[in-house]
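Notes follow once the structure below has been shown.
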Amino acid sequence: MRGFLLGLSFFLALTVFGITLKEEVYVTGQEVMLSDLTDAEIPQDILIAYAPPPGYSITLNGQSVAQRIERLLNLSVNAPETIRVFRYDSTKAKSAEVAEKQIFVEDVERALEEAVKLAVTQIRDDISATEITLNVEGEISPDPRAKRFELNLARITRSSFSVLVRYLDEKGSSLSVDYLKVFARVERPIWVASRMIYAGEILTEDDATLTEMNILELDGYVRHDIAIRGLKTTRSFKKSEPFDPAYLKLPPLATKGSVVPAVFDTGWLKVSTFVRLMEDGYAERYVVSRNVQTGELVYGILSRDGVLLVQPFIEVSSR
């Protein structure tokens, strides 16, 4: 009778006060269960969603999850707007064994640094491990009974990782777990806009400033040793925004509609005329034009001097 009353009290407490769901959860398996989302005692564990691929994350709608739980278990649920689910990649787990001695914080720190730097350099081949600095959030507390430990990484953003540290005994059974967040930085001087830059502008030295930034957060950047003066922007850049080389190009040597001299020179025969460009012309690239007098199409390579070197046997399909 007493057990029945305790069970009834527990059920009534859950019904009235409800359970609270977490904003971030970390899983290792293929399923996201209710027990993963809350620390509260629950009458029954149910499947909430399937986990993302190892090393990735998904975002669940908190209200939809709450409604599912309320409908199936008749519980009151307090849920955040979104729930982020991270899945650790066990295939990339780093295992370290310390024979005949206790595992210390320094052992975990060394393994953690090596694992995160390896993950970063695998993602970005333009970065070396010696450039990477790390900042760890969370407490590293090895279990004194542990004989080895494992690190499981899940990438949160371009420069941050969630790390699960599992401390294991000699049989491989889990003794305790640490949850850590690691933030990686690679600081380099790069060019950023010193004012609002609009698409189509030709950059001058005054339009760009060298600034130290974490390049792990950038899709692309212009190194300090690359000249930015004279480049044309193909999209706008806000003040202090890093320049992305994908949206910078050399301006045309001659614009569409310009009239330029054209020369056909075989060594024993030289013919000169004037042509009107049908497209923007860039130095040492093919361009289409029309003869100013006859209107016939003329193909050629635009020299750095702005003269079209006629190529009479070039067809449109071969450009």
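In the range 264-298, which residues have a backbone nitrogen under 16 Å from the label point lying 7 Å from residue 227's Cα in the Cα-to-Cβ direction?
In the range 264-298, the label zone of residue 227 (backbone N under 16 Å from the point 7 Å along Cα→Cβ) covers 283.
What's the longest uninterrupted piece of the chain once you rule out the chymotrypsin sites (Phe, Trp or Tyr not before Pro) that are loop residues per DSSP with at most 16 other Cβ within 10 Å? Before the final figure, lay out each step's value.
Details: sites that count: 56, 104, 198, 268, 282, 313.
Between the exposed loop sites, the longest stretch runs 105-197.
What three numbers, in Å, describe the spread of the alpha carbons of the range 187-249 along their principal axes, ordered from the longest?
29, 19, 18
Hey, what angle do you get for helix 105-123 against the long axis of the chain, alpha-carbon based, 0 to 90 degrees rounded to 10?
Around 30 degrees separate the two axes.
Please report, in Å, the Rg and the Dmax of the range 259-318, where both are computed over Cα atoms only.
Computed over the Cα atoms of the range 259-318, radius of gyration and Dmax are 10.5, 31 Å.
What ratio of Cα Rg to 2.2 N^0.38 Å holds for the range 118-158?
Numbers: Rg = 13.9 Å, N = 41, 2.2 N^0.38 = 9.0 Å.
Output field value: 1.54.
Non-local amide H neighbours of residue 222 (under 5 Å, H modeled in plane, Pro and chain starts lacking H): which ones?
191, 243
Between 0 and 90 degrees, rounded to the nearest ten: what's the tilt of helix 2-17 against the longest Cα principal axis of the chain?
Roughly 30 degrees, rounded to the nearest 10.
For every helix of n ≥ 4 consecutive DSSP H residues, a contribution of -39,500 (n - 2.57) applies; sum these over the chain, divide by its total residues, and give [θ] at 222 nm rounded to the nearest 500 deg cm²/dmol.
Working: 4 runs with 51 residues, N = 319.
Result for the chain: -5000 deg cm²/dmol, rounded to the nearest 500.
Roughly what would the spin-label model give for residue 145 and residue 273, points 7 Å off Cα along C-beta, in nm?
With each label placed 7 Å out from Cα toward Cβ, I get 9.3 nm.
Return the loop-located GluC sites (Glu not before Pro) in the range 148-214 (DSSP other than H, G, I, E, B) with at most 14 other Cβ atoms within 10 Å of their own Cβ; answer none if there are none.
Answer in residue order: 170.
Would you grab the residues whose amide H sits under 5 Å from the one on residue 231? Only those 5+ places off in sequence or on another chain, please, with H modelled 1.01 Å from N.
Close amide H contacts, sequence-distant or interchain: 203.
Semi-axes, largest first, in whole Å: what does sqrt of 5 times each Cα gyration tensor eigenvalue give for the chain?
Details: eigenvalues 802, 138, 65 Å².
One finds semi-axes of 63, 26, 18 Å for the chain.
Just grab the label-to-label distance for residue 201 and residue 160, each label 7 Å out from Cα along the Cβ direction, in nm (one decimal).
The answer from the label model is 3.2 nm.
Report the far tail of the P(r) of the range 196-311, meaning the percent of Cα-Cα pairs longer than 18 Å.
On the way: 3897 of 6670 pairs.
Above the 18 Å cut-off, the range 196-311 has 58 percent of its Cα pairs.
When Lys and Arg each count +1 and Asp and Glu each count -1, what net charge do the other residues less than 11 Å away from residue 25, Cβ to Cβ, add up to?
On the way: positive: 22, 84, 87; negative: 23, 24, 36, 39.
In short, -1.
List, in order, the whole-Hz ³J(HN,Hα) value for each residue of the range 189-194 obtained from phi through the Karplus relation with A = 6.51, B = -1.76, C = 1.60 and θ = phi - 60°; use x for Gly and Pro.
Listing the rounded values in order: x, 10, 7, 10, 6, 8 Hz.
Every number in this text was worked out from the coordinates using simple rules, so none of it is lab data. Source: prediction; values computed, not measured. We place every Cβ from the backbone using ideal geometry, glycine too, and count neighbours over all the protein chains shown.
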